[in-house]
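Data first, discussion second: the structure below is written as structure tokens.
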Amino acid sequence: MKMIEWLRANEQPTVYVMTKSDKLSRSKRAAAVQKFSRALGTTREDPPIPYSSISGAGRTDLLPRICPLYTYDAAAEHRALGVRSSASMHPNV
């Protein structure tokens, strides 16, 4: 809960994923999602996502929620770390 409190306090985007959803029946999974939602205080717009890596269940719900959060820029990270690009390290290639 401390991590969740920190994420909220720092206004970080959060996606709650309930893994191993294939272990529960459909009705038990729905009940678990409701219980999890109440415990974390999630909204209807941002519910936890039941997911199973075994069956792939939940994948179509999960990907659209996490892809917009992923904005990794390798070039920016390299500049910040002072890493030269491979082109500048091998100008004759």
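The values are calculated or read from the model by the stated rules, or taken from the named source; none is laboratory data. What you see is a predicted model; the values in this text were computed from it and never measured. A quick note on method: Cβ atoms are made from the backbone with ideal geometry, for glycine too, and the neighbour counts reach across all protein chains shown.
List of remarks:
- Just one of the listed residues (Arg84, Arg65) is modelled with pLDDT under 90, assigned to a helix (DSSP H, G or I) and not aromatic (Phe, Trp, Tyr), and it is Arg65.
- The number of residues in segment 33-58 being surrounded by fewer than 14 Cβ atoms within 10 Å (Cβ to Cβ), among the aliphatic types (A, V, I, L, M) and in contact with a helix residue (DSSP H, G or I) (Cβ under 7 Å, 6 or more places away or on another chain) comes to 1.
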